[in-house]
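Chemist: Below you'll find the structure I mean.
Values in this text are rule-based calculations from the coordinates and carry no lab data. All values derive from a computational prediction rather than experimental measurement. Please note: Cβ atoms are built from the backbone with ideal geometry, for glycine as well, and neighbour counts cover all protein chains shown.
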Amino acid sequence: MARRPRKPRPPLSLDRALVTPEGVTLNVRLGSGGARAGALVLDLLIMLAILIGFTLLVVLLARAGGTATGPLLMVVWLLGFFLLRNFYFVAFEAGGRAATPGKRLQKLRVVARDGGRLTPTAVLARNLMREVELFLPLSFLPFAFAEGTIDAWVGYLALGWACLFLFFLLFNRDRMRAGDLVAGTWVVENERRQIGAELLDPAALEGDRYRFAPHELAAYGAFELHKLEEVLRRNDRHDQFMVARTIRTKLGRNPDEGYDREFLEAYYAALRLELERKLLFGKRKKDKHDQQA
């Protein structure tokens, strides 16, 4: 009896739902392993260029100061190298873009998995783990294979340790390295993606009937967006009429314009995308009374 051919497994989806504390669901796509590897290589090349420049500066200072300054400058170089390989990542990811130059070129950024603000503590934790994952074991290699020093098997062990953590993100569905597990973070694509599509009529988004100015989108926040989503899901015509009238009045538009469902869908899509953009850049608008965003 012929065996039935096995159906190929569908590739794991990288789409994830990020629910913020305000109840807004953001649809994000995890960065692929290739994109993250490319970002790391680009960042390492930038760091190498900085390190070469810093090394040349230290050498010039050592020649100018003589042999007496050699030990001190060596300490300065080691300290500078430690700060570079750790706080290069921390400084960029703690900023508004939450991404190093390599991640920005690969259109990636770091976000908190709980949907909240990406805190400096989380950024510090995920990047200090890189010292254990990569830099510390690799620093053994030059000494491990040098003649008359540590046995070669220690070097192989360090290399295996680094490879284990380097490829760790390929063997978990959320593409997280150990630092992401500790810090509670994801690395996601920085592309703007349509969200809440199951609620929307595509015709409402493609037409030119509704265009909203920045001040109109700033009139409401996450709380009102959540309530508007509930109204759209209930699909009650009276509720839609009352809510559409209220929003149009708030925006200074004609309250009796009609096409209530179409208007609400268009405003829902525009406001949601605007809040997503601000949330991913660390700006939050909880409700219409919140002026921080």
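Chemist: Using a basic spin-label model with each label point 7 Å from the Cα along Cα→Cβ, how many nm lie between Tyr156 and Arg117?
Modeler: 5.1
Chemist: So, by mean Cβ neighbours within 10 angstrom, what's the order for 226-235, 95-104 with the highest one leading?
Modeler: 95-104, 226-235
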